[in-house]
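One structure below.
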Amino acid sequence: MNPNQTFINLNRGLTDAYVLWDGKNYTTIHANLTDNHYTKHLEGKHSLGIVPITRDGNCRWAIIDDDTHKADKSKPVQEYNYKKLLKKLKILGIVATVFKSKNGGAHIKLNFDKPYPAKKVRRYLKKIAYQICESSYDLIPKQDELGKEKTGTCINLAYHNGNTRVVIDDEGNELNLQKGMEYESNRVVKLEDLEPFNLLSTADYPDGRNNKLFSAAVYLKKNFPKNWKDRVKELNKTYTNPLTVTELDNTVLTSVEKKDYLDSSASEDIPKELVAHDVMDYRQLPIPKPEWILEGLIKQKTINIISAQKGTGKTEKAIGLMWAISKGLPFLHYNPVQIDGISYAHPCTWIDGEMDPYDSIDRTTPYIETFGAPPKNYFQIINFALQKNQNIPDIKDEPGQKLILQHLKKQELQTGKKPLVCFDNLRSLSNYKENDSDGFRPIGLFLRNLRGLGYTVLVIDHSGKDASAGVRGTSSKTDWANVVLLLKPEGPKGQKVMKIRVSFDKARGLRPDQTADFVCTYDFKGYWRLATSDKELKDEELMAKIKELQPKLTQQSIAEVLGISVGKINKLIKQMKEPKEPWA
């Protein structure tokens, strides 16, 4: 390893300007920066300052310049406590390289695997600085973007003359250039690795030890669940005036333990103003018209829920629905999308969080025998029992969400289309608090984000004791949905076929004539058919008897014979005269 070249590579930034320091003054040079300038810096021939942000607004490294040791102007400059800083970084799991700065403070440097937008980097940098710096600090780069003419703010590079402003390793040892570059080059991160640090502060960055400890505890609980309390206690000890053990337990620890606080990263980039359009201008925006997957029922980029009590057939209906979608076949009275008269299949993923793996074979066999298999990768199954430790990570948490999105992207590459994903079922895939709207919010945000990425979502959920009342638990679940279907069993138990009444609890994007209740049956041979309801069957029997008696008796007499009201007789006679409209 060539330490000089590694040093140059790890400190590249703006190439058309740099800064030199002569011991008293800084001079900005507007000229091309070369490797020779870095070499002279290491040799002590000049002291070089680099602007990390480039003209395109990106940076490959960033620094927190911490001068806490001289923040109190009423006191002599203190010696910087590097061991305390290193302890904080270790507790919080932050991968950074610490350097001694020219002013006797610390440069906490993050190196990235490639250039990233400075605006995003600075947001994470501020979160980290909030926790590890006690008072005075600067973020470098200072700017979100440079533009064509501005020079930006520079930072003095380490290892001037080869042995000053050196790296300090995890144990507090000062490293020479060779060992320092070996150490730093192994501490490179991706921008996505910093996402958890959004929890290190709320959006308003409140002052005070307790506020900082509270945010740190929320972050540690989520990212270090096994020992988060111990880490909070150790972090508390790094403060000049730490809380007592009792105070810490009764305030921060108790509060964070009771409630799962949400990641506030979604609200980080708060706009300075809301964007509004005149209605006619709005209509001219390039907003794509939603396309159907099954016309009249499911559109692409929507969230759909099927809710029913246990044993009603919601999973069976979802499988039949997905089989038709993945084959480009009609399902009941709903037709697949057609282009030039040709029906097109759409990929699906069934995430099964509770059934025995062989149940999936049993349930898909009739469809294969009747209709044949879908195209390769168009119907994929993720069964919990076939995962590592028989576990699909909770879909309310980031690890589970990342794995699902990773799979959907893979299936999208395999099929060339954004798949429909079915979560079966909500309760088995998450331990969220059913009656708490805040408890469901992380899942709602995840589903909304999937929809925003172009994926279509189908959620299977349990209904309460009264199936007609909708989904079980908080009603806010359906606020996120486009379409909500409620299923209720129809007819007596022990029928040879499964008979279900389907009603629309919510139908955003559908016309009123597309939301009428209907009854359907499944014969367990792959066929779903529209059916007549029990009430309609009874009415049909009565109408047959009325038709038989009508020539001989008055409506009053027919009512007495059949034991029903005259009004009911009159209504049924009118129905007999109306033409029946078949399902399209």
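Computed from the coordinates by the stated procedures, all read-outs in this text should not be read as laboratory data. From a predicted model like this one, the values you see are computed outputs, not experimental measurements. Glycine also receives a Cβ, built like all others from the backbone with ideal geometry; neighbour counts cover every protein chain displayed.
Kindly put 184, 43, 134, 273 in sequence by how many other C-beta atoms sit within 10 Å of each C-beta, fewest to most.
Lowest to highest Cβ neighbour count: 273, 43, 134, 184.
Going 7 Å from the Cα of residue 150 along its beta-carbon direction, which residues of region 80-116 have the amide nitrogen within less than 15 Å of the resulting point?
It comes to no residues whatsoever.
Within a 10 angstrom radius of the beta carbon, how do 407, 160 rank from fewest other beta carbons to most?
Placing the least packed residue first, the sequence is 407, 160.
Per residue of the chain, what 222 nm ellipticity follows from adding -39500 (n - 2.57) for every DSSP H run with n ≥ 4, rounded to the nearest 500?
Taking each H run of at least 4 residues, the total per residue is -10000 deg cm²/dmol.
Express in nm, to one decimal, how much length is gained between residue 278 and residue 568 on full extension, taking 0.36 nm for each residue of separation and deducting their alpha carbon distance.
Full extension from residue 278 to residue 568 adds 99.0 nm.
Give me the dipole magnitude in Debye, nearest 20, for region 535-577 about the Cα centre, with unit charges on the beta carbon: positive for Lys and Arg, negative for Asp and Glu.
160 debye
Check which residues have an amide H placed less than 5 Å from residue 299's amide H, if you skip close sequence neighbours.
293
Which whole-number percentage describes the relative contact order of the chain, with Cα contacts under 8 Å and a sequence gap of 6 or more?
This gives 10 percent for the chain.
Which entries of 226/402; 119/190; 179/229; 190/272; 317/568; 88/212 show an alpha-carbon separation above 23 angstrom in the structure shown?
Correct reply: 179/229; 190/272; 317/568.
With +1 on each Lys and Arg Cβ and -1 on each Asp and Glu Cβ, how big is the dipole of region 3-191 about its Cα centre, in debye rounded to the nearest 20?
480 debye
Treating cross-link reach as a plain straight distance, find the aspartates and glutamates whose alpha-carbon is under 18 Å from the alpha-carbon of residue 506, omitting any fewer than eight places away in the same chain.
Output for residue 506: 295, 461, 466, 479, 517.
With a sphere of radius 13 Å drawn around the Cβ of residue 378, what net charge do the other residues whose Cβ falls strictly inside it have (Lys, Arg +1; Asp, Glu -1)?
Every neighbour counted, the sum reads +3.
Work out from phi, with θ = phi - 60° and the Karplus expression 6.51 cos²θ - 1.76 cosθ + 1.60, the ³J(HN,Hα) of each residue of region 150-159, listed in order in whole Hz, and give x for Gly and Pro.
5, 8, x, 9, 8, 10, 5, 6, 6, 6
Multiply the residue gap between residue 32 and residue 224 by 0.36 nm, knock off their C-alpha separation, and tell me the result in nm, one decimal place.
64.5 nm
Suppose every K and R has +1 on its Cβ and every D and E has -1 on its Cβ; what is the size of the dipole of region 201-263 about the Cα centre, in Debye to the nearest 20?
Once rounded to the nearest 20, the dipole reads 200 debye.
Give the label of the value calculated from the structure for Rg and Dmax of the Cα atoms in Å, choosing from (i) 33.0, 120; (ii) 22.9, 73; (iii) 26.1, 77.
The calculated read-out lines up with (i).
If contacts are Cα pairs under 8 angstrom and at least 6 residues apart, what is the relative contact order of region 292-531 in percent?
Relative CO of region 292-531 lands at 26 percent.
From Cα pairs below 8 angstrom and at least 6 apart in sequence, can you work out the relative contact order of region 392-484, rounded to a whole percent?
Relative contact order comes out at 28 percent.
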